[in-house]
Amino acid sequence: MRATRLFRRPRPLTLRAREELDFYLAISPWAIGFIVFGGGPLVASLVMSLTDWTGLTTRHWVGVQNYVAMVTADRDFFTVLRNTFYYSFGSVSLGVVLSLAVALLMNQKVPGINVFRTLYYLPAVTSGVAIAIMFAWIFNPQVGLINFLLSLIGIKGPLWLASQQWAMPALILMSLWGVGGNMVVLLAGLQGVPEELYDAAKVDGAGKWREFLHVTLPMISPVVFFIIITSIISTFQVFENVYIMTRGGPGTATRVYVFHLYQNAFEYQKMGYASALAWVLFLIILGLTWLQLRASRYWVYYEFEGETR
């Protein structure tokens, strides 16, 4: 009797337990890959940020000296921070408005609308290097397309990328080229709005503008919130456009954070200091994301909760 109890078969897993086991088995390759190829480099970069390593020499422990040097010795730190905030604010605000406007147009039920949706989305999957080269030509002050079109109506175009005043606005305008990616996400949100809500609004005498303000916007607010978060993260990491088109110039007009980080790491051979810059960037993005999450409770509507969080 005692032997029977010792070798009793284990109880079969419940359906919930099997689903949990299958879930963890399914994500295990990703989890292992993240720990090995993501978590390891993260810890290494944190340790590296506390040294004066150049990438070639022996590492020497300097503690938080790199972080102190950012605000006391790096003359360009606050400049690149200001430029990055400027670029992010302009690109995100204009990008969200434009992508929403395009999504509203692409949500119309007209013949051939799928063709237009594809055409608007294509720039989002085009090579960033090719787009940067194309826009470097478009913004050329002598033979560029924009100044040529302005000359047709009697306006002398600015120097664009060669002007400290216009270089950053030019990069912001260029970022709008890829609104098709966010347009697709917003379009999915628009098509998920129940038609019954629009019917009820019409019964109450609401026009198109009131339908948009009181039905469409609240129902797609979680999608807009998602796009704002991801766009801010993306714009704070802008690099290739600046590297290819302006190299941070003219002067320091387009010298953004990641370009400054790249120069310190691979041009000035300050790998430890560049790692510290990377961690400060992480904290800035984390802080901005946290502020957005806190503010979302006042304007983001979740259908299943029946109110804003």
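The values are calculated or read from the model by the stated rules, or taken from the named source; none is laboratory data. Computed from a predicted model, the values in this text were never measured in an experiment. As a convention, Cβ positions derive from the backbone with ideal geometry for all residues, glycine included, and neighbour counts pool all protein chains shown.
Remarks
- Residue match in the range 252-262 (condition: crowded, with 21+ Cβ neighbours inside 10 Å, free of Cβ contacts under 8 Å to residues at least 60 places away in the same chain and either aromatic (Phe, Trp, Tyr) or not in a loop (DSSP other than H, G, I, E, B) (or both)): yes
- Test: residue in the range 144-153 that is more than 19 Å from the chain's Cα centre (by Cα), assigned to a helix (DSSP H, G or I), of a type in the set (S, T, N, Q) and surrounded by 13 or more Cβ atoms within 10 Å (Cβ to Cβ): yes
- Any chance ALA162 is more than 30 Å from TYR298 (Cα to Cα) and touching a helix residue (DSSP H, G or I) at 6+ places or on another chain (Cβ under 8 Å): no
- Selection within the range 76-110: residues that are of a type in the set (S, T, N, Q) and touching a residue at least 12 places away in the same chain (Cβ under 8 Å). The member of this set that is farthest from LEU171 (Cα to Cα) is ASN107.
- The condition of being outside any helix (DSSP H, G or I), among the β-branched types (Val, Ile, Thr) and at pLDDT 95 or above holds for only one of VAL238, VAL242, VAL224, VAL193, that being VAL238.
- Condition broken by ILE233, with the remaining ones in (1) surrounded by fewer than 16 Cβ atoms within 10 Å (Cβ to Cβ); (2) farther than 28 Å from TRP290 by Cβ satisfied: (2)
- Pairs where the first residue, in the range 153-166, is modelled with pLDDT of 95 or more and the second is among the polar types (S, T, N, Q) and in a loop (DSSP other than H, G, I, E, B), C-beta under 6 Å, 6+ apart: LEU161/THR246
- Pick from the range 34-81, criterion of a type in the set (Gly, Ala, Ser), modelled with pLDDT under 90 and outside any loop (DSSP other than H, G, I, E, B), ranking: nearest to ALA167 (Cα to Cα): GLY38
- Within the range 173-223, the residues that satisfy the criterion of being within 16 Å of MET106 (Cβ to Cβ), buried (at least 16 other Cβ atoms within 10 Å of the Cβ) and small (Gly, Ala, Ser) are GLY178, GLY180, GLY181, GLY189.
- Any chance GLY287 is exposed (fewer than 12 other Cβ atoms within 10 Å of the Cβ) and either more than 19 Å from the chain's Cα centre (by Cα) or in a helix (DSSP H, G or I) (or both): yes
- Qualifying positions in the range 82-126 - outside any helix (DSSP H, G or I), of a type outside the set (Lys, Arg) and surrounded by fewer than 13 Cβ atoms within 10 Å (Cβ to Cβ): GLN108, VAL110, PRO111, GLY112
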